[in-house]
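> I'd like to ask you about the structure that follows.
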There are 2 protein chains.
Amino acid sequence: MSHPPVYERVALIGLGLIAGSMALAMKRAGLAGEIVGTARTAATRGVALKRGLCDRVCETAAEAVEDADLVVLCVPVGAMETIAIEIAPHLAPGATVTDVGSVKRAVIDAVAPHMPDGIHFIPGHPLAGTEQSGPEAGFAELFENRFTLLIDDGADPDAIARLARLWTEMGARVEVMDADHHDLVLAVTSHTPHLIAYTMVGVADDLRRVTDSEVIKYSAAGFRDFTRIAASDPTMWRDVFLTNKDATLEILGRFTEELFALQRAIRTGDGEMLHDYFTRTRAIRRGIIDAGQDTATPDFGRGGGKR
Amino acid sequence: MSHPPVYERVALIGLGLIAGSMALAMKRAGLAGEIVGTARTAATRGVALKRGLCDRVCETAAEAVEDADLVVLCVPVGAMETIAIEIAPHLAPGATVTDVGSVKRAVIDAVAPHMPDGIHFIPGHPLAGTEQSGPEAGFAELFENRFTLLIDDGADPDAIARLARLWTEMGARVEVMDADHHDLVLAVTSHTPHLIAYTMVGVADDLRRVTDSEVIKYSAAGFRDFTRIAASDPTMWRDVFLTNKDATLEILGRFTEELFALQRAIRTGDGEMLHDYFTRTRAIRRGIIDAGQDTATPDFGRGGGKR
Ligand SMILES: NC(=O)c1ccc[n+]([C@@H]2O[C@H](COP(=O)([O-])OP(=O)(O)OC[C@H]3O[C@@H](n4cnc5c(N)ncnc54)[C@H](OP(=O)(O)O)[C@@H]3O)[C@@H](O)[C@H]2O)c1
Ligand SMILES: NC(=O)c1ccc[n+]([C@@H]2O[C@H](COP(=O)([O-])OP(=O)(O)OC[C@H]3O[C@@H](n4cnc5c(N)ncnc54)[C@H](OP(=O)(O)O)[C@@H]3O)[C@@H](O)[C@H]2O)c1
């Protein structure tokens, strides 16, 4: 490579979609001297080796972090504390520990108390993902042009800048923010929408009069998108809702209020209210396209068939 | 063409996404001897002529239907009755009148009473669309491998078979069903999901603490999909909710019940309930992919960038 790696040895704890994508993105750009990985099951570790996600796998997280200058926790949020306790005595002095969990306050509460002095703990969250998971799911392009949010919880500025450089070279746009603000923004843009999609798909699944096969067969735009969202990993999402409880419940409360107002407009036949509401929501879509976070290409639901 | 057209003269009333797509699909396969169109505004009629959607445009629906053996009502559901009254005296004896409205019972109530004897009225609904609208939005492939539902409201079987042939040759899979059943299935697969998406985007737009620009900037999977759905045409959707009121309110009631159960599980920390729920909803996604209504390709939100 034309430039030296950003970290000499990176340890990936958990080898699913996010860790796999990081591994491939780091390899592509020569950002890590060596990538060591570990996962709970031998099956996942085997696939990771076979796909070349890691140069080396270890059976335990404790072994994997030895002499690593960067440790990335890529497990569900609910599993972070156990791992933090396991790795703490084995961390190299001066190492940076980060994570990719979808919730940030709970991860700080779970991990920070266990970090030895001299370790730079910098929580992180790449706003990138798909509905797929596991060691086969990752790809090097996942983070391109997506934001990665880093939390400044009092870590050394140089350590933060180095981690930000890693993400930037993997293609991400990095911003630093506060953990509670992160959790509220994500409750709006990701967590509550996922809960709603899961709920709607659950309702459809319950309806016996509208048989399953019809709901599936005639699945139109709208529901089809919801089913994709609701196909995401159950463990990851259980942990998200359990650990971002307050913000999710707050946004859900507002959602229910608004839904009741629209429901009332339908019941009373208030077409003007509905039309005004639906006109207002169009503008925000325009903003997302302008911000480069999606394209204006119409989606008619056939993946590669997008025009 | 190697086969004669299915209809000698087709009149399209309304020239937006659906009519435009029908025009292009009919032209591609030589299914119509002549396509005549009309729309409310001169601007739309002009674009339709320029794009070659019609061979001829008329200023009024009354003129457009003269001597047509197929008339297709492609306007918002709330506009159907006025058009039915306008065209009724001008319909050619033995002509077929159909529509593409997203609700079926209300269209039957609005249109059927005005149809003269000898006219075959066959309500229809192509389960295909995008979030875009207007005369520029249509494309010939829209209906390919999508279902079109025709309603048997007592019309002549030969007339139904002929209309089914038109849709089949435009690429659609045709099924015949009952109007009320249609409205309930669509309330589940399309109408309620759209209302929910509109609501969630409205909530995000309301939140002043989480500024608009952040919601847009950090828009992740989930919310991003909702904003696409919530960018659909306000008039069309207002009419859908006003005219499929009962089924939508019924499904919304069930949705709220389920949402409250999940909300309670979050509040009480019932991870097992959440995990079980999220596992169950995965299966329905598998069904949709197997039914060919979407692909398993992971969506990471960049249109053409889908892998
Ligand atoms: N998916 C997304 O869209 C997305 C986006 C941004 C952030 N995140 C966050 O990234 C993290 C990882 O998500 P992912 O999508 O990469 O998940 P994933 O594909 O399901 O992979 C999870 C990995 O963690 C391991 N693991 C699971 N439970 C464990 C436990 N109790 N102890 C030790 N290891 C365990 C798994 O090992 P085995 O395979 O051996 O079981 C697997 O290697 C989560 O915190 C999630 O919130 C996800
Ligand atoms: N979009 C979808 O995803 C979808 C899917 C299946 C079925 N449908 C149904 O298809 C129908 C048309 O939808 P679309 O998406 O094609 O709509 P669109 O692109 O907005 O086009 C609507 C057309 O109807 C005309 N129109 C609107 N209001 C009218 C009125 N009051 N009187 C006379 N003409 C009027 C418009 O004329 P101007 O342009 O001159 O105003 C325009 O040509 C609706 O009933 C809808 O429920 C839509």
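The values are calculated or read from the model by the stated rules, or taken from the named source; none is laboratory data. Here the structure is a predicted model, which means the values were calculated and not measured. FYI the Cβ positions are ideal-geometry reconstructions off the backbone, even for glycines, and counts take in every protein chain you see. We work out accessible area using only protein heavy atoms, side chains counted, and drop any ligands, DNA or RNA first. Shrake-Rupley method; radii C 1.70, N 1.55, O 1.52, S 1.80 Å.
> Every residue in segment A:231-247 that is of a type in the set (D, E, K, R) and either touching a Gly at 6+ places or on another chain (Cβ under 6 Å) or at positive phi (or both), please.
A:Arg238, A:Asp239 - these are the residues of segment A:231-247 that are of a type in the set (D, E, K, R) and either touching a Gly at 6+ places or on another chain (Cβ under 6 Å) or at positive phi (or both).
> Only one of A:Leu195, A:Leu252, A:Leu186 is under 21 Å from A:Thr130 (Cβ atoms), open to solvent by less than 10 Å² (accessible area, probe 1.4 Å) and within 7 Å of chain B (Cβ to nearest Cβ); which?
Going through A:Leu195, A:Leu252, A:Leu186 in turn, just one is under 21 Å from A:Thr130 (Cβ atoms), open to solvent by less than 10 Å² (accessible area, probe 1.4 Å) and within 7 Å of chain B (Cβ to nearest Cβ): A:Leu195.
> Is one or more of the residues making up segment B:141-164 in the same structural domain as B:Ala29 (by TED's automatic domain parsing), surrounded by fewer than 24 Cβ atoms within 10 Å (Cβ to Cβ) and among the basic types (Lys, Arg)?
yes
> Now for a separate question. What single numbered condition from (1) closer than 18 Å to B:Leu186 by Cβ; (2) touching a residue at least 24 places away in the same chain (Cβ under 8 Å) fails to hold for B:Asp109?
(2)
> What number of residues within segment A:95-117 are of a type in the set (Asp, Glu) and not in a helix (DSSP H, G or I)?
Kept after step one, since they are of a type in the set (Asp, Glu), are these residues of segment A:95-117: A:99, A:109, A:117.
Applying the additional criterion that residues be not in a helix (DSSP H, G or I) yields A:99, A:117.
Matching residues across segment A:95-117 total 2.
> Further question on the same structure: Given the conditions (1) out of contact with any strand residue (DSSP E or B) (no Cβ under 7 Å at 6 or more places or on another chain); (2) of a type outside the set (Ser, Thr, Tyr); (3) buried (at least 23 other Cβ atoms within 10 Å of the Cβ), which single one is not true for A:Ala172?
For A:Ala172, the exception is condition (1).
> Every residue in segment A:221-241 that is part of a loop (DSSP other than H, G, I, E, B) and either open to solvent by 10 Å² or more (accessible area, probe 1.4 Å) or within 16 Å of ligand 1 (Cβ to nearest atom) (or both), please.
The answer is A:Ala221, A:Ala230, A:Ala231, A:Ser232, A:Asp233.
> Now for a separate question. Output the residue which, of all residues in segment B:118-163 that are closer than 24 Å to B:Ala291 by Cα and assigned to a strand (DSSP E or B), is nearest to the other protein chains (Cβ to nearest Cβ).
Checked segment B:118-163; the qualifying residue nearest to the other protein chains (Cβ to nearest Cβ) is B:Phe147.
> What are the residues in segment B:33-73 that are buried (at least 24 other Cβ atoms within 10 Å of the Cβ) and touching a Pro at 6+ places or on another chain (Cβ under 6 Å), if any?
B:Ala48
> Moving to a separate point now. Please tell me if B:Leu12 is open to solvent by less than 20 Å² (accessible area, probe 1.4 Å) and farther than 28 Å from B:Trp237 by Cβ.
Against the criterion (open to solvent by less than 20 Å² (accessible area, probe 1.4 Å) and farther than 28 Å from B:Trp237 by Cβ), B:Leu12 does not qualify.
> Considering only segment A:257-272, state which residues are open to solvent by less than 60 Å² (accessible area, probe 1.4 Å) and either more than 7 Å from chain B (Cβ to nearest Cβ) or touching a strand residue (DSSP E or B) at 6+ places or on another chain (Cβ under 7 Å) (or both).
Once the filter is applied, which keeps residues that are open to solvent by less than 60 Å² (accessible area, probe 1.4 Å) and either more than 7 Å from chain B (Cβ to nearest Cβ) or touching a strand residue (DSSP E or B) at 6+ places or on another chain (Cβ under 7 Å) (or both), segment A:257-272 yields A:Ala261, A:Ala265.
> What is the one condition in (1) open to solvent by 10 Å² or more (accessible area, probe 1.4 Å); (2) near ligand 1 (Cβ under 9 Å from one of its atoms) that A:Ile119 does not satisfy?
Going through (1) open to solvent by 10 Å² or more (accessible area, probe 1.4 Å); (2) near ligand 1 (Cβ under 9 Å from one of its atoms) one by one, A:Ile119 breaks only (2).
> Name the residue, out of B:Ala43, B:Ala25, B:Ala32, B:Ala11, that is small (Gly, Ala, Ser) and within 9 Å of ligand 2 (Cβ to nearest atom). Outline the logic, then answer.
Details: B:Ala25 fails: within 9 Å of ligand 2 (Cβ to nearest atom); B:Ala32 fails: within 9 Å of ligand 2 (Cβ to nearest atom); B:Ala11 fails: within 9 Å of ligand 2 (Cβ to nearest atom).
Within the list B:Ala43, B:Ala25, B:Ala32, B:Ala11, the selection yields B:Ala43.
> Let me ask you something else. Which residues, counting only those in segment A:141-173, are free of Cβ contacts under 8 Å to residues at least 24 places away in the same chain and within 22 Å of A:Met115 (Cα to Cα)?
Selection gives A:Gly154, A:Pro157, A:Asp158, A:Ala161, A:Ala164.
> Under the condition of being part of a strand (DSSP E or B) and hydroxyl-bearing (Ser, Thr, Tyr), which residue from segment B:6-38 is nearest to the chain's Cα centre (by Cα)?
In this case the residue turns out to be B:Thr38.
> From A:Thr98, A:Thr82, which residue is more than 14 Å from chain B (Cβ to nearest Cβ), within 13 Å of ligand 1 (Cβ to nearest atom), without any contact (Cβ under 8 Å) to a residue 40 or more places away in the chain and among the polar types (S, T, N, Q)? Spell out how you get there, then give the answer.
Values: A:Thr98 fails: without any contact (Cβ under 8 Å) to a residue 40 or more places away in the chain.
Sole residue among the options that is more than 14 Å from chain B (Cβ to nearest Cβ), within 13 Å of ligand 1 (Cβ to nearest atom), without any contact (Cβ under 8 Å) to a residue 40 or more places away in the chain and among the polar types (S, T, N, Q): A:Thr82.
> In this structure, does B:Pro76 turn out to be at pLDDT 95 or above, away from ligand 2 (no atom under 15 Å from the Cβ) and open to solvent by 40 Å² or more (accessible area, probe 1.4 Å)?
In short, no.
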